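Beneath this line is the structure, given in structure tokens, with notes to follow.
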Amino acid sequence: MPHYQAQDLAVPGGSLRFAQWGQRGPVVLASHGLTANHTCWHALADQLGDDFRLIAPDHRGRGGSAGISGPFGMEAHASDLIAILDFLQLPQADLVVGHSMGGFVAAVACAGYPQRFRQALFVDGGFPLIDALPAGMSVEQLTQAIIGQSMQRLDMRFASRPEYHAFWQQHPAFVDAWSDYVREYVDYDLVGEAPGLQSGVSKASILDDVASELVSDVIPEALGSLQQPVRFVQAPRGLTNGDPLYTPERIADGGRRLPHFSHAVAANVNHFTIVLSRAGAEQLAAEVRGLLT
């Protein structure tokens, strides 16, 4: 098990929680998905061990950073990554890894602070999923359409931790993939006291982030200015363990924007288990080592 430490950092709007695994080696800064938290990277940390320094925040509105009042959006999250590097007196991250929404954060960070990131690894995220918000659809409706059950839980209350586990165990992505990594991840998400336990994720942060990543000009502009090498690793199955989140056309279109781009498809994982499983983490660790060693 690599060394683990969590810390808090003052940022505009409140206190940002971030964690570090490992104490030496290349610096890997990791950005999690839309309703996730830093514990999703525990499996990758175990695979990388102490020979890599893996650093990951709870993004604004999630986990230990849930109390931040804002601003939200990809640019705010990218600025927080820089604040972490500055706090740790690290002039540069050797690699920024972004899963799902984290891929969009990574794109904006690399574009806005090109000297602070050598290269990026997008994990089933970072490229636009839609060209425009469908007519008559609100950002909240779009969010519900895309992430469904993950969004539903934000308005729910749970009588106990086992009840919350059962809610997640019926999610199609985890029906056959429940593990200690997933249990740790969902337990960290839970706040309050029984019988009124609830997800600690701020709904306001989710809606602002979806608007920023999917229906604003922030991502197209960032992708249009990226100079760092970008590696895209696709999950072959999607959010509900069915069709992949990204079509080959979407990936090809995103890659055409970039001067240094490569693409791979992971094996036998879905959008969640590409990070929240040993099988997914083994493949991501191989990608990280391939990029940095």
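The values are calculated or read from the model by the stated rules, or taken from the named source; none is laboratory data. Because the structure is predicted, anything quoted here is derived from the model rather than measured. Heads up, the Cβs are rebuilt from the backbone with ideal geometry, glycines too, and the neighbour counts pull from every protein chain shown. The area values use the complete protein model at the heavy-atom level, side chains included, leaving out ligands, DNA and RNA. Shrake-Rupley method; radii C 1.70, N 1.55, O 1.52, S 1.80 Å.
Overview of values
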read-out: Members of segment 84-121 found to be in a helix (DSSP H, G or I), within 18 Å of the chain's Cα centre (by Cα) and closer than 23 Å to Ser216 by Cα, listed by number; value: Met101, Gly102, Gly103, Phe104, Val105, Ala106, Ala107, Val108, Ala109, Cys110, Ala111
read-out: Total residues in segment 172-201, condition without any contact (Cβ under 8 Å) to a residue 60 or more places away in the chain and either in contact with a Leu (Cβ under 9 Å, 6 or more places away or on another chain) or part of a loop (DSSP other than H, G, I, E, B) (or both); value: 10
read-out: Residue tally, condition under 19 Å from Asp180 (Cα atoms) and either in contact (Cβ under 8 Å) with a residue 60 or more places away in the chain or surrounded by 16 or more Cβ atoms within 10 Å (Cβ to Cβ) (or both), over segment 1-32; value: 4
read-out: Test: residue in segment 65-79 that is open to solvent by less than 30 Å² (accessible area, probe 1.4 Å), touching a helix residue (DSSP H, G or I) at 6+ places or on another chain (Cβ under 8 Å), at pLDDT 95 or above and farther than 27 Å from Gln198 by Cβ; value: yes
read-out: Residue within segment 267-275 that is open to solvent by 10 Å² or more (accessible area, probe 1.4 Å), in contact with a Phe, Trp or Tyr (Cβ under 9 Å, 6 or more places away or on another chain) and closer than 25 Å to Gln141 by Cβ present; value: yes
read-out: Segment 200-246, residues that are over 18 Å from the mean Cα position of the chain (by Cα) and crowded, with 21+ Cβ neighbours inside 10 Å; value: Leu226
read-out: Residue that is touching a Leu at 6+ places or on another chain (Cβ under 9 Å) and surrounded by fewer than 23 Cβ atoms within 10 Å (Cβ to Cβ), where the choices are Val139, Val123; value: Val139
